[in-house]
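Worksheet: one structure, shown below.
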Amino acid sequence: MADELQGALALETQTPVQTDRELTVEVGWVLAGAFDEIDRRALALARARLAQLLTAWFPEFCWRFPVVWRRELRPISPVEPIELLEAATDERDHGRWDFVLVVTAAALKSHYKPFALGAPSSALDAAVLSTQRLDPIVEDEQVEERERIETIARRVTALAVHLLGHLNGLAHQDDPSDFMYDLKTVADLDGMRYLQDRARMEKALREVAAERLEETAAYRQPGLVHKWGVRLGFGLRVLWRERRNIWEAVREVEPWLFPMRFSRLTTAAFSALLFLLMTAEVWELGMQQPPLRVALLALLALAGTSFYLLQRQHLLRQHRWEMRFSEQRTVAAIAASVAVVLGMATTYVFLFGMVLLISKLLFTLRLVTGWTALAPTWQHYLTFAGFVATLGLVAGALGASFEQGVYFRHVLLIDEET
């Protein structure tokens, strides 16, 4: 144990080796808040072991593990994971790291599970993990200090590998011995021994280690960031260059579950839908609209409501980091925007289907004819459903704007609760 701790301390203070940027991967550690002596020693050991594992698995890369201790970040337990991740991304941008791991002694607030040990965000290239449940003293108060340090270090190492796997696009495995096993309990971390899908991770790491767009000569000139044309071009190049990673980040968010995850959005939209369905004037107006006009209104509403939510939930707010180009920040912004658009589109499809179903099942032909003075065809019903769904989408966006900002960003930016 003494030798391992000595090696961990040496890793803390070693001078970075000058090497080709294309072969370098930096995983920054941000220690948030206060840690006792046991946790500090365990974290140093875990960091050394993580370095040994990654170097052994991927020797073609030069690995660096800088550490920043943010003592002023003293989160009250339980802490929202997204708040720590957002604070850590500032450190990531400042240090130009590829990934950042945030470690806290506080419990993480979970929205989907009884508890969470960690939370990865592929959109932010960041993950947060908590040591609170990793200490064996939680289960047995008689554990000796040496065993506590060893157990915490082993579990932190396994959890860190698991989270880094998520950040590099690895899927869960069914084998409990694999680091990508979908763990259910803290004890599952003790059985993790190997990483099966190393080939896929190596491919992802090669993309990560490649020169970022802002590091190229075209974007290193001072003053370019203030030119909107250049910024637009930078964003489009990031969109094309990182299209696969952006889609992976969006897929992890599962925007098609928006109606189930945002209750205020669904409640407001469905309430408006029921009110509109009971109004004769709405039937008459909706069925008399040209299909093309309804389609254009739907697209306009989708764009407008998506932009409104992104602004209302501060996902497009101005930051000091916008004074320079950042590929990672741009990827996160694009992924969040695409997720919101797809989420609102899913909501529109849901409302469209509900209107069509209710109008055909509950409203008789005689009643509809009396309200609209038309002999309704399927085209009339489809046009009416599109018109009402558009109005319902606008009402849903107003309801979603009252969702807690922290929860909204949690859904959009965090891949899962581990």
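If you go through segment 241-256, how many residues are more than 17 Å from Asn168 (Cα to Cα) and touching a residue at least 12 places away in the same chain (Cβ under 8 Å)? Reasoning before the result, please.
As a first pass, look at segment 241-256 and keep what is more than 17 Å from Asn168 (Cα to Cα): 254-256.
Still in the running and touching a residue at least 12 places away in the same chain (Cβ under 8 Å): 255-256.
The total comes to 2.
Those residues that are in contact with a strand residue (DSSP E or B) (Cβ under 7 Å, 6 or more places away or on another chain) and over 21 Å from Asp98 (Cα atoms), I need them from segment 190-205; list them, please. I'd like the intermediate steps shown before the answer.
Taking segment 190-205 as the starting set, the residues that turn out to be in contact with a strand residue (DSSP E or B) (Cβ under 7 Å, 6 or more places away or on another chain) are 192, 194-196, 205.
Met192, Tyr194, Gln196, listed by residue number.
Could you list, in sequence order, all residues of segment 131-155 that are farther than 16 Å from Asp190 by Cβ, outside any helix (DSSP H, G or I) and touching a residue at least 40 places away in the same chain (Cβ under 8 Å)?
The one that is farther than 16 Å from Asp190 by Cβ, outside any helix (DSSP H, G or I) and touching a residue at least 40 places away in the same chain (Cβ under 8 Å): Gln132.
State whether one or more residues within segment 132-147 are buried (at least 23 other Cβ atoms within 10 Å of the Cβ) and touching a Leu at 6+ places or on another chain (Cβ under 6 Å). Steps first, answer last, please.
Within segment 132-147, the subset buried (at least 23 other Cβ atoms within 10 Å of the Cβ) is 134.
Subset that is touching a Leu at 6+ places or on another chain (Cβ under 6 Å): none.
Within segment 132-147 (the criterion being buried (at least 23 other Cβ atoms within 10 Å of the Cβ) and touching a Leu at 6+ places or on another chain (Cβ under 6 Å)), the answer is no, since none of the residues qualifies.
Within segment 156-188, can you find the residues that are in contact (Cβ under 8 Å) with a residue 60 or more places away in the chain and not in a loop (DSSP other than H, G, I, E, B)? Give the steps one after another, and end with the answer.
Kept after step one, since they are in contact (Cβ under 8 Å) with a residue 60 or more places away in the chain, are these residues of segment 156-188: 156-157, 159-164, 166-167, 169, 183, 186.
Matches in segment 156-188: Val156, Thr157, Leu159, Ala160, Val161, His162, Leu163, Leu164, His166, Leu167, Val186.
Does Val128 meet the test of being buried (at least 24 other Cβ atoms within 10 Å of the Cβ), under 24 Å from Glu327 (Cα atoms) and in contact with a Pro (Cβ under 6 Å, 6 or more places away or on another chain)? Explain how you work it out, then say what you get.
Working: buried (at least 24 other Cβ atoms within 10 Å of the Cβ): yes; under 24 Å from Glu327 (Cα atoms): yes; in contact with a Pro (Cβ under 6 Å, 6 or more places away or on another chain): yes.
Criteria met by Val128.
In segment 82-126, which residue that is in contact with a His (Cβ under 7 Å, 6 or more places away or on another chain) and closer than 23 Å to Trp247 by Cα is modelled with the highest pLDDT? Walk me through how you get there before you give the answer.
If we filter segment 82-126 for residues that are in contact with a His (Cβ under 7 Å, 6 or more places away or on another chain), which is where we start, we get 82, 111, 120, 122.
Imposing the further condition that a residue be closer than 23 Å to Trp247 by Cα reduces the set to 82, 120, 122.
Details: Ile82: 90, Pro120: 93, Ser122: 87.
Among those residues, the one meeting the criterion is Pro120.
Out of curiosity, is Lys109 buried (at least 19 other Cβ atoms within 10 Å of the Cβ) and either free of Cβ contacts under 8 Å to residues at least 60 places away in the same chain or under 22 Å from Lys184 (Cβ atoms) (or both)?
Working: buried (at least 19 other Cβ atoms within 10 Å of the Cβ): yes; either free of Cβ contacts under 8 Å to residues at least 60 places away in the same chain or under 22 Å from Lys184 (Cβ atoms) (or both): yes.
Yes.
Would you check if Leu297 is buried (at least 20 other Cβ atoms within 10 Å of the Cβ) and assigned by TED's automatic domain parsing to the domain that holds Arg243?
On the way: buried (at least 20 other Cβ atoms within 10 Å of the Cβ): no; assigned by TED's automatic domain parsing to the domain that holds Arg243: yes.
No; evaluated as a whole, the condition is false for this residue.
State yes or no: is Leu167 within 28 Å of Cys62 (Cβ to Cβ) and touching a Pro at 6+ places or on another chain (Cβ under 6 Å)? Walk me through it before giving the result.
On the way: within 28 Å of Cys62 (Cβ to Cβ): yes; touching a Pro at 6+ places or on another chain (Cβ under 6 Å): yes.
For Leu167, the condition - within 28 Å of Cys62 (Cβ to Cβ) and touching a Pro at 6+ places or on another chain (Cβ under 6 Å) - is met.
Within segment 61-85, work out how many residues are in contact with a Lys or Arg (Cβ under 8 Å, 6 or more places away or on another chain), over 19 Å from Arg49 (Cα atoms) and surrounded by fewer than 19 Cβ atoms within 10 Å (Cβ to Cβ). Break it down into steps so the answer makes sense when it comes.
Taking segment 61-85 first, the residues in contact with a Lys or Arg (Cβ under 8 Å, 6 or more places away or on another chain) are 65, 67, 78-82.
Restricting the remaining residues to those that are over 19 Å from Arg49 (Cα atoms) gives 78-82.
Filter again for surrounded by fewer than 19 Cβ atoms within 10 Å (Cβ to Cβ), leaving 78.
Count: 1.
The values are calculated or read from the model by the stated rules, or taken from the named source; none is laboratory data. None of these values were measured; they are calculated from a predicted model. Glycine also receives a Cβ, built like all others from the backbone with ideal geometry; neighbour counts cover every protein chain displayed.
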